[in-house]
Each structure stands twice: as structure tokens, then as C-alpha cells.
1. By how many degrees, between 0 and 90 and to the nearest 10, does the Cα long axis of helix 649-665 differ from the longest principal axis of the chain?
2. Tell me whether region 209-293 comes out rounded, prolate or oblate; compute the Cα gyration tensor, take square roots of the eigenvalues as a ≥ b ≥ c, and use a/c under 1.5 as the rounded threshold.
3. When averaged across all projection directions, what area in nm² does the alpha-carbon convex hull of region 416-562 cover?
4. Just the C-alpha atoms of region 102-223: what Rg/Rh do they give, with Rh taken as the Kirkwood radius?
5. So for region 1-142, what are the equivalent ellipsoid semi-axes in whole Å, largest first, each being the square root of 5 times an eigenvalue of the Cα gyration tensor?
6. Roughly how many debye, to the nearest 20, is the charge dipole of the chain about its Cα centre, given +1 on each Lys and Arg Cβ, -1 on each Asp and Glu Cβ, and no other charges?
7. Quick check: net charge around GLU44, other residues with Cβ under 14 Å of its Cβ, Lys/Arg +1 and Asp/Glu -1?
8. Residue by residue through region 540-554, what is 3J(HN,Hα) from phi via Karplus (6.51 cos²θ - 1.76 cosθ + 1.60, θ = phi - 60°)? Round to whole Hz and write x for glycine and proline.
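None of the figures in this text is laboratory data; all of them are computed from the coordinates on show. Keep in mind it's a predicted model, so treat the numbers as computed, not measured. Ideal geometry is used to build each Cβ from the backbone, glycine not excepted, and the neighbour counts take in all protein chains shown.
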Amino acid sequence: MLWIYISLGVALLSFLVAAYFYRWVKRLPTANPRLDEVGTLIREGAFTFLKREYRILGLFSAVVVVLLVLFFPQPIWTTNSVTTNLLIGVAYLFGTLLSGLAGYVGISIATIANLKAATAARESIQKSFMAGFRGGAVMGMAVVGSSLAGAAIIYLIFQDSNIVMAFSFGASSLALFAKAGGGIFTKTADIAADLTGKVELGIPEDDPRNPAVIADNVGDNVGDVAGMGADLFDSNVAAMAASIVIAMSLGQVPFMFCLISLGLLASIIGVLCSRLGKKGNPSRALNGGTYLTCAIFAALTFVACLLSNFELRLWGAAMIGMVAGVIIGITSDFFTGDDKKPVAKVAEACQSGPAFTILSGFSYGLLSALPALIGIGLASLISYKLCEPLGPGYEMLGISFAAIGMLSIVGMIISNDAYGPIVDNARGVAEMADLGDEVLTITDELDAAGNTAKAITKGFSIGAAGLTVISLLGAFQEVVAAAGVTITFDLMDPLVFFGMLVGAAIPAVFSAMLMMGVNRNSQLMVKEIHRQFNSIPGLREGTAKPDYARCIDISTVGAIRELSPAGLMAIVATLVVGFIGGVQAIGGFLTGNIISGLLLALIMSNAGGLWDNAKKFIEAGNFGGKGSEAHKAAVIGDTVGDPFKDTAGPSINTQITVVSLISSLSATLFLLYSLF
């Protein structure tokens, strides 16, 4: 139990560091009243959306709690264990509350740090970088600290795998809808603002004359901050839940808490040490902090293994996962970095028109999937074989600890990821508050580094999701085995093959539903922007103000309307397959879902990041610069990439996790009530 109490202590330390950074950022000055005015509009819009979204998700969670209490893990009228059903409902609710809190904390700091980073850019790039990074670190420390504390408390009190799974399902289900809703909101505004502003009217990206510009900046917060925070909270909790389920029978739960707590401690040290030198490169500073955190984590856990007599093979599995995460991140950097060949090639192709922009960018996205999938496959294979000699059950435990190793530095990963939308917002508010060209140059450089950092962290999170869901597949086998049934996934079994085909199709359908939602809402937004420019006298000349609130409302209503169907489709499909084909079909369903989901998530995240940075590469003065035909083609590529990288791509991770968890929770029902 010692390491579980240490975990609670490290979680408390992370909260203290988050509070320190929050106060540090908040004390920084704000440039002028106009900046405060713009910041207030963004903050109010973000919290208005969050309140409306959480109201809907609260109703959804209440319905799910009732269903869990009535049916999971078994129908309440068929078992004497009414208490277990009730506790599963409570654990689910606890998971949703912490996941929602992650998003709330993220928006609270991001809508302050954006103004501070913009103001600090008047002095130096170093100060602006620190404002953005420490703002992101508030979220990193709070999210990982709460996920670790939540898992430790649940395990300490109950030590029941079903209750741990319910806690994780709560985090995942809320994250699924929060990420989908936030992604639809942000890309609705972003696409409409870019197409009407940059392409049609030839005005700058964050020109205050554009009615969608405030909604675009609100979207950075509700999609890339709140949604992403819930997403990574979910990934971390899911990895811990899978490890706990597998490790309980082997007596290795303390080592899992050792890895997670020391990973968080390494992240705390990493964020405290991160700096940008006088002639520093922001991308190098972000990556340097990640590598430093990895080194600290490896050293701390190795010493802990020796002192606590933990099995070094399990430590090796965690290190394999961590190294695989770094390699996947480097691969993402190669395909999306603004200083790498693929971005330059796509920017060059933009000179020939948008068709070649799309073809070249999507081709590189397809190529980018192979090395990452090989990395995930090798990490699972090597960790499996490394731990196999330890005895039955240790093979899957090795894979689950590889996932823990990849997510061990998630505190630093979230800090880097949240930095991206903060500095993107800083660039927007700087232009709207007219802080000058020098500030825009600095924030553009920080924003480009943020795009690359987001691509790397998404590669990390997709890789970790891959290993986590393999672990969850092992956890599903454990749950079924506990019910007295042993399952093997034989592809020649028609039930397994049926499940695999359906499972492989779900991520594609899920992605299509989200992107069609963005498409529908963006068209409404474009019409509204045209209406305002045609009906508000003086708007084009800048002598009248646009109706920002109307565009925010279009994004909000559209996102709330569209966030539910895709998520519910994935959940219902899982239950239908289970009740038709039983646990064998579900095994195939999860396998197909994992493989196609990882492939699509990697392609879309990397292609989207590549198109975004190709646009910025041209805006830096290459191939004709802003306003050129190449620039217009690049903007079109970026609008295609927006829902790829910020709506569908990252949401697939959570979709895979949700269907894996609901499969484990429903395993007993599938054994009792399947058609075949």
C-alpha cells in the first residue's frame, strides 16, 4: 500500500505546482483595455458553451447511472449483490465529474494565459513562451494529479475490478462527447472564418471585422483545451484501469502506482525546469522538456525498482513503451514539422492549386501511419515477450505496463499540448487588440511550435491509446475468465470475423458523422458571415462592429446538436454486436475497432497538422506569401485538415477506449443474453 499513499502525496504536490503556476500567470500584466475586452468576449463564450454542453452531458450521465445500477455487471434482480451495482454507478459518476473538472480547469487558465502571452510578446519571445507554457502546465499538473488521485482512492476503498472499470468508463464517456462537441465547435468557426476571411475577402486571419473571429478563438479553448484535457484524462485513467484489472491477480498493482506517481514527479521537475533561451527555438524547448522528463522518469523508476524489489522485466516493459512514445512523436514531428521536408513539399504543391494540396498532404498522412503502427506493434510484441518468462498473465501485464510507460510523462505531454491553443489564441487577440507586427511575428513563431508540439503529443496519445486498448482487450479476457469462460479470438470463427468487420467500420462511420457535423455547421456560419458583411453598413471598412455573439451561438447550438449521435452510435453498435454474437463477436469487434481506429487517427492527425503548417510555411513568405494563389490553396488544405486533426482524429482514441470499457462492463450480460 506504500506506493498508493506515495501516489496521493505526489498528486497533492502536482496540485500545489498547478496553483503556483496559475497565480504566476495571473499576476502577469495585460497590455491594454482593448485586449481585456477581447479576452472577456472569448472567456464568456467559452464558459457559456461549457455550461450548455455540461448540462446535456449531465443528463446523459444521469441516464447512464440508472442503467448501470439496473444492469451492470448483472441485472440487479438476478443477483444478491445490489451494493456492487450501486457502487458501479457511483464510480461512474466520480469519473465523469473528474473528467469534466479537467476541462473546466483548462478553460479557466487558458482564457487568462492567452492575454498574458500576447502582452508578454511585446517584451520578448522568452516571456511570451513562459506565459503560454506555464498556462498549459497548470492543466497538465491538474489533469494528471486528479486522474492519479481518483484511481488511487477508488482502488484503496474498493479493490474491485468492475468498480475501477466503471470509474474509467465515466471518464471516457464524458471525454468522448466533450472532445466531439468541442471539436465540432472549434472547427465550425475556424473553417468559416478562414474561407470567408482569407480566401474570399483577403483579410488577415484574426481581423476583428470577421464576425467568426471570436467564435474561432473560443473554439481553441473548448476544443483544443477543454476537450483535449478530458481526452488525456480519459487515456491516463483507462491505462491505469486496464493495468489494475490485469495486475490484481498477480499482486503487481503497487508497481503500477510506482510508475504513474514517479512519472508525474518527473513531469513536475520537467515543467519547473523548462525554459526558452535568448536565441532558443520554441519547438526545441518543448521537445527538450519532454526528453528531460523521460530521462528523469527512467532514472527514478529504476532506483525505485531496486529499492522496492520490483521485477526489472516489468520496468523494462514500461521503458519500451516510453521509448516507443518518443519515436512515434519524432515520426509525427518529421511529417508535420514546419522545418521538415514533407511540409515544404506540400507548400510547394500548393502553387499548382488546391487539388494538389489535398493529394500531397493526404499521401503524406497515409505514409505517416506506418512507422507509428510499427512502433505500437513492436512495443506490444517486445513487452509481451520480455514479461512472458515471468509466468501466465505477465505477458498482458507487460503490454499494459508499456502503455503506462508511454503515458508516464503525460503531465509534460498535456503541458505541451495545452501550450498550443494558448499561443494560438495569443496570436489572435494580439491582432484584434492591434499590438503590432513585432508581437504577431513572435506569436506566429510560438504558434508554429505549438502546432508541431500538438502533432507530437497527438502521436504520443494515439500510440498510448493503441497499447492501452490492447491492455483493455486483455482486461476483457480477464473479466470473462472470472465468469468461468475462456475465450480465444480465432479468425476462422464466423462470430469473431463478423465482430471484426463491424468493429473495423465503426471508426470510419464515427469520423464521418463528426466531420459531416462540422460541414453542416460551417456552411451555416459562412452564410451568417455573408449576411453580416452584406447587411451591416461600415463592416467592411472597419467602422462598424460585427455581431460576434450570433456566430458563437451558431457554433454552440450546432456542436450541442451534433455531439451525441456519433458517440451513441459507437456505444449502441457495441451492445448490438455483443447481444448478437456474444463475447466471441465482441473480441473480434474490439480487434477490428482498434486496428482501423488507430490507422485513421494517425492518418487524420498527421495530415491535418501537415496542411496547417504548410499554410504557415507559405504565410512566412515562401512561394508567394500571404494572398498568393498558393496561399489560397493552402488555406483550403488547412480547412480540410481542421476536422481531421482537431475533431475526428483525436476523438477516435476516446471512441476506442469507450467501446473497450463498455465491452468489459457488459461481458456478463453478453454471456447470459446473446443470440448466438
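1. With rounding to tens, the tilt is 20 degrees.
2. It is oblate, given that a/c is not under 1.5 and a/b is not larger than b/c.
3. 13.6
4. Here the Rg-to-Rh quotient is 1.12.
5. 41, 21, 8
6. 680
7. Net charge around GLU44: 0.
8. 4, 7, x, 9, 10, 8, x, 8, 4, 4, 5, 5, 4, 5, 4
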